[in-house]
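Colleague: Could you have a look at this structure, given as structure tokens, before my questions?
The values are calculated or read from the model by the stated rules, or taken from the named source; none is laboratory data. Treat the numbers as computed from the prediction; the structure is a model and nothing was measured. Positions of Cβ are generated from backbone atoms using ideal geometry, with glycine treated the same way; all protein chains shown enter the neighbour counts. Note: accessible area is taken over every heavy atom of the protein model, side chains too, but ligands, DNA and RNA are not part of it. Shrake-Rupley method; radii C 1.70, N 1.55, O 1.52, S 1.80 Å.
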Amino acid sequence: MYALEERKKAVELYLKYGRHATLVMRELGYPDYKSLIAWVKEYEETGTLHEKGNYTRSYTNEEKQKAVDFYLEHGRQISYTVRALGYPCREKLIEWIDELAPGKRIMHEGCMKRDKHSSMEKKTECIMKFAERSGSAEEVAREAGVSRSSLYTWKRELINDINIPMSKEKSKEAGAPIIINSIDEAKEIIARYEKSIVELTEKNIELEERRRHVEIELACLEKAAELIKKDQGISLERLTNREKTLVIDALRERFHLKELLPILSISKSSYCYCSNAINKDKYANLRKKICQLFEENDGRYGYRRIHCLLQREGLTVSEKVVRRLMKEEGLIVVFVKKKRYSSYKGEISPEVPNLLNRDFNADAPGEKLLTDITEFSIPAGKVYLSPLVDCYDGMVISWSIGTSPNAELANSMLKNGITALGDGKKPIVHSDRGCHYRCPEWIEIMESAGFIRSMSKKACSPDNSACEGFFGRLKNEMFYKKDWRKVSIDDFIAKIDDYIHWYNEKRIKMSLGGLSPLEFRMKNNQNRFIA
């Protein structure tokens, strides 16, 4: 509930700002739109605003008489009358009965205890009659509608238990009884202590409210420092509505919302708006799609390729958003570096110059080919792969897989590559200085096919980095961080073969515009045919 000064200030600002309620709520942080319009309407109709707490409903005399008559005609039950008529409250009905039908209300002990407004007066009146001895205790109790023991209990509570200062003569005797000489003296004592009790109660309530306010304010400052890294000395009113909402959400389990809103100076409507905006995940569907694409490709795609797949499906989203969502979901492509297999056995034939000189770009398929041998070590044994990679689009033209890195592994791969390229192709075949590529049989096959030999410098892997990059992608996406303990050699060879087929036909490459090598090659062939 807002004080009179707060309501007046809101109405004045509303009229000052040309009847714009949004500007008033933004500046003051209160109230809601409906309350502000109600205050303005009341001010324009009456010329003023009502005092705080003037919300009691007024009943007509006919309604009061109807309620009293119903009470008298239906067993004189207060609860039944309130339930049947739907009005008023118990306290109001008791007042109406005492006013319109005095002496006809049934009094009993339970009712006396619930009657907050008249219980003290009734008790005092009964005790005064009992003190005057105008009748016996039984008669006084019967007239009041209580038991005889209750009468003595009231007397002990209101008179005998009160710590009244005694005179010097009486204070000398320990445990001396309190003697009240007259009814007026008893009334005076009771009134004095009732007033003291009321004052102490009000002061205690005020102190408790202040303590509670300080406790909540301190909790808000600590939570602001913890969540949004604000200094503890900062004013809570200077926080943005979003920051205030974060603090409130963190303290909702400890404090009521109606206690937190005034301290942080934010209206309930603003809090609800910010809370919905914070808790709503607008990327929920996109998260599911990203996780699906990541799993379909066995966790081999990073955020760039996932972003490319989303674009191919017609979803427009920032690459940075994809990267952030994958990080939040823990979708990380694992990379492990291990020492590679080396086939260098020394200078066994004349050296060959490096014709590529690290230029791995080709204008057409079959111009520049790369080859090397890599090793896979699994619990069942070791497996070796020898591929022939085309620099044009990264497609693996041919490959051979075996359990020994011998010359036959490389030679069979080369023969398959010659068959795959067909007649008329005279490419440059680049390799390292391994013994497989310097043996007489390899040289003879190359010369008979018309292929041109090219070799890297000794112990210089960057000279053949494009082929090394293929090995790295293969092992990161297929081999590393996998459990191969129950996989046989034949099964492992089959998995490598499946991966290379997937690599050629389906795996998209960003350098190819989000197409696989096969899709890129088919697209370019169609363009040449159209041209």
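Colleague: Can you pull out the residues in segment 85-107 that are open to solvent by 70 Å² or more (accessible area, probe 1.4 Å), more than 19 Å from GLU62 (Cβ to Cβ) and not β-branched (Val, Ile, Thr)?
Modeller: PRO102, GLY103, LYS104
Colleague: Return the only residue of ALA174, ALA186 being open to solvent by 60 Å² or more (accessible area, probe 1.4 Å) and at pLDDT below 80.
Modeller: On the way: ALA186 fails: open to solvent by 60 Å² or more (accessible area, probe 1.4 Å).
Just one listed residue meets the conditions, ALA174.
Colleague: Answer yes or no as to whether GLU45 is open to solvent by 90 Å² or more (accessible area, probe 1.4 Å) and closer than 26 Å to TYR271 by Cβ.
Modeller: In short, no.
Colleague: Checking the structure you have, find out if any residue of segment 110-128 is modelled with pLDDT of 75 or more and of a type outside the set (Gly, Ala, Ser).
Modeller: The answer is no; no qualifying residue exists.
Colleague: Restricting the search to segment 448-484, which residues are in contact with a Ser or Thr (Cβ under 7 Å, 6 or more places away or on another chain) and outside any helix (DSSP H, G or I)?
Modeller: MET455
Colleague: Restricting the first residue to segment 454-476 and requiring it to be touching a residue at least 60 places away in the same chain (Cβ under 8 Å) and under 20 Å from ASP359 (Cβ atoms), which pairs with a second residue that is open to solvent by less than 30 Å² (accessible area, probe 1.4 Å) and assigned to a helix (DSSP H, G or I) meet a Cβ separation below 6 Å and a spacing of at least six or different chains?
Modeller: Taking only residues 6 or more apart or on different chains, the pairs are SER456/ASP463; SER456/ASN464; LYS457/ASP463.
Colleague: Could you tell me which of the residues ILE445, ILE500 is part of a helix (DSSP H, G or I), β-branched (Val, Ile, Thr) and in contact with a Lys or Arg (Cβ under 8 Å, 6 or more places away or on another chain)?
Modeller: ILE445
Colleague: Please go through segment 364-390 and pick out each residue that is open to solvent by 20 Å² or more (accessible area, probe 1.4 Å), part of a loop (DSSP other than H, G, I, E, B) and either within 15 Å of PHE451 (Cα to Cα) or without any contact (Cβ under 8 Å) to a residue 24 or more places away in the chain (or both).
Modeller: Correct list: PRO365, GLU367.
Colleague: Could you count how many residues in segment 350-365 are at positive phi and either aromatic (Phe, Trp, Tyr) or touching an Asp or Glu at 6+ places or on another chain (Cβ under 7 Å) (or both)?
Modeller: Residues that pass the stated criteria total 1.
Colleague: ILE397 is checked against (1) open to solvent by 10 Å² or more (accessible area, probe 1.4 Å); (2) more than 17 Å from MET446 (Cα to Cα) and fails just one. What number does that condition carry?
Modeller: Among (1) open to solvent by 10 Å² or more (accessible area, probe 1.4 Å); (2) more than 17 Å from MET446 (Cα to Cα), ILE397 violates only (2).
Colleague: I would also like to ask the following. What are the residues in segment 421-442 that are surrounded by fewer than 15 Cβ atoms within 10 Å (Cβ to Cβ) and at pLDDT 90 or above, if any?
Modeller: Listed by number, the list holds a single entry, GLU441.
Colleague: Looking at LYS320, LYS327, LYS337 in this structure, which one is open to solvent by 30 Å² or more (accessible area, probe 1.4 Å), out of contact with any Pro (no Cβ under 9 Å at 6 or more places or on another chain) and at pLDDT below 65?
Modeller: LYS337
Colleague: Here is a follow-up. If I filter segment 497-510 down to residues being open to solvent by 40 Å² or more (accessible area, probe 1.4 Å) and within 38 Å of the chain's Cα centre (by Cα), which single residue comes out as nearest to ARG305 (Cα to Cα)?
Modeller: In this case the residue turns out to be MET510.
Colleague: Restricting the first residue to segment 1-21 and requiring it to be without any contact (Cβ under 8 Å) to a residue 24 or more places away in the chain, which pairs with a second residue that is of a type in the set (Val, Ile, Thr) meet a Cβ separation below 6 Å and a spacing of at least six or different chains?
Modeller: Short answer, once both residue conditions are applied: LEU13/VAL24.
Colleague: Further, regarding this structure: With the structure loaded, tell me whether ARG105 is under 48 Å from the mean Cα position of the chain (by Cα) and at pLDDT below 85 or whether it fails that test.
Modeller: no
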